[in-house]
Amino acid sequence: MIDRYNLFTMRPSGFTLIEVLTASVILAIAVTTICSLSARSLSQTRRSLDLEQAWQMMDRQFTLIEQMGIKDFIERGVSEGEIEASIDEKTGQ
């Protein structure tokens, strides 16, 4: 029975139930926080990609206006077109 006790302090070695529960709660909070941050990061990345695609579309239209001239652009009446496939369409997600 002496092997369960620390020989220097004569106290039982190991962790108490309170210590284990406290560590489990802290670990659960940390994991939840990391998962939340990860989901938010993915959402922001998707939004950033959408904004980049919108910027590229706008840049193409301004380049076209610059090449054609605003009068010809308006007379031509181009109001629709196609854009490149988004990442979701490329990956099938």
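The values are calculated or read from the model by the stated rules, or taken from the named source; none is laboratory data. Source: prediction; values computed, not measured. Areas reflect the complete protein model, heavy atoms only, side chains present, ligands, DNA and RNA absent. Shrake-Rupley method; radii C 1.70, N 1.55, O 1.52, S 1.80 Å.
Out of curiosity, is Gln44 at pLDDT 90 or above, open to solvent by 100 Å² or more (accessible area, probe 1.4 Å) and polar (S, T, N, Q)?
yes
Tell me which residues, restricted to the range 12-40, are assigned to a loop (DSSP other than H, G, I, E, B) and not β-branched (Val, Ile, Thr).
Applying the first criterion (assigned to a loop (DSSP other than H, G, I, E, B)) to the range 12-40 yields 13-16.
The answer is Ser13, Gly14, Phe15.
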